[in-house]
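**Q** Structure provided below as structure tokens; questions to follow.
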Amino acid sequence: RGFVLLSRELVPEGKEDFASTLDGAERFGRYVSLREIAEKGRIDFLVAGASVVSLRGVRYGKGRGSFDLDWAMMREIGVVDDSTPVIAVVHDVQVVEEDLEADTYDTIVDYIVTPTRLIRVKSRIPKPKGVDWSRLPKEMLEEIPPLQELARLKSRKT
């Protein structure tokens, strides 16, 4: 799909709840390019859902790696870095003490927010430095317009 910008100017009054859904974002938002995101400047923090998250900050989503890929693209264009907080919002039962295994492309969270707790993660696991092009499935590049844009931007720099 791509990245969608939602702003007060784009969302009619009383439609804020709907706008926060995927269907609402599609209806009221507008797609933005990586170039536009970079022009807006640094991102203050990122929020992600998860199926499960460990106390070490390892989060598992739906298994497609979409949040991790979003992080990697944002890192590539310079709007996030190691100091950018990543927040997982989950239910209490989704927080586990087990050590979940993190891959090199997994984006580690800094905070876990549940209905009853705010957990500050003390992890030494590094966040990805960008897109690992060697591990990226060809289909993802073919299907994700922002990845195509990033590949074009990177080829111009080399």
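Values quoted throughout were computed directly from the atomic coordinates according to the rules given, and no laboratory measurement underlies them. This is a predicted model, so every value here is computed, not measured. Positions of Cβ are generated from backbone atoms using ideal geometry, with glycine treated the same way; all protein chains shown enter the neighbour counts.
**Q** Rounded to whole Å and sorted largest first, list the principal axis extents of the Cα atoms in the chain.
**A** 46, 43, 28
**Q** Another question about this same structure. At a 10 angstrom cut-off on C-beta neighbours, averaged per residue, how do the peptides 105-117, 141-153, 49-61 rank from highest to lowest? Mind dumping the intermediate values first?
**A** Values: 105-117: 17.5, 141-153: 14.9, 49-61: 19.4.
Highest to lowest by the protection proxy: 49-61, 105-117, 141-153.
**Q** Okay, moving on. State the extension gain, in nm to one decimal, for the chain segment bounded by K154 and Y111, taking 0.36 nm per residue of separation less the distance between their alpha-carbons.
**A** Numbers: separation 43, 0.36 × 43 = 15.48 nm, distance 3.15 nm.
So the chain would gain 12.3 nm between K154 and Y111.
**Q** Using the 2.2 N^0.38 Å rule of thumb for compact globular proteins, work out how region 42-131 stacks up: its C-alpha Rg over that value, please. Each step should come with its number before you reach the end.
**A** Working: Rg = 12.1 Å, N = 90, 2.2 N^0.38 = 12.2 Å.
Here the answer is 0.99, to two decimals.
**Q** Sticking with this structure for a sec: Kindly write out, for region 30-47 in residue order, the coupling ³J(HN,Hα) from the Karplus curve 6.51 cos²θ - 1.76 cosθ + 1.60 (θ = phi - 60°), rounded to whole Hz, with x marking Gly and Pro.
**A** 9, 5, 10, 7, 4, 4, 5, 4, 4, 5, 6, x, 4, 8, 6, 6, 10, 10
**Q** How big is the antiparallel share of DSSP beta bridges in the chain, given as a percent to the nearest 5? If you can, show how the numbers build up before the last one.
**A** Details: 8 of 16 bridges.
The antiparallel fraction comes to roughly 50 percent.
**Q** Relative contact order (percent) for the chain, with alpha-carbon contacts under 8 angstrom and 6 or more residues of separation? It would help to have the intermediate numbers written out before the result.
**A** Numbers: 236 pairs, mean separation 36.7, N = 158.
Averaging sequence separation for qualifying contacts and normalising by length gives 23 percent for the chain.
**Q** Using each residue's phi in region 117-123, evaluate 6.51 cos²θ - 1.76 cosθ + 1.60 at θ = phi - 60° and report the 3J(HN,Hα) Karplus result to the nearest Hz, with x for Gly and Pro.
**A** Karplus-based 3J(HN,Hα) across region 117-123 equals 9, 10, 10, 8, 7, 10, 10 Hz.
**Q** Next up: Okay, helix-only estimate at 222 nm for the chain: each DSSP H run of n ≥ 4 adds -39500 (n - 2.57), divide by all residues, round to 500 deg cm²/dmol; what do you get? All intermediate terms of the calculation are to be shown ahead of the outcome.
**A** Working: 6 runs with 48 residues, N = 158.
Helix-only estimate at 222 nm: -8000 deg cm²/dmol.
**Q** Alpha carbon centre of region 32-52 versus region 81-110: separation in Å?
**A** With region 32-52 and region 81-110 each reduced to a Cα centre, they are spaced 17 Å.
**Q** Using each residue's phi in region 106-112, evaluate 6.51 cos²θ - 1.76 cosθ + 1.60 at θ = phi - 60° and report the 3J(HN,Hα) Karplus result to the nearest Hz, with x for Gly and Pro.
**A** Calculated HN-Hα couplings, in order: 6, 8, 7, 8, 9, 9, 10 Hz.
**Q** Sorted by average packing, counted as other Cβ atoms within 10 angstrom per residue and highest first, what order do 118-125, 21-28 take? Write down the numbers at each step before the final one.
**A** Working: 118-125: 12.2, 21-28: 13.8.
Put in order of decreasing packing, that is 21-28, 118-125.
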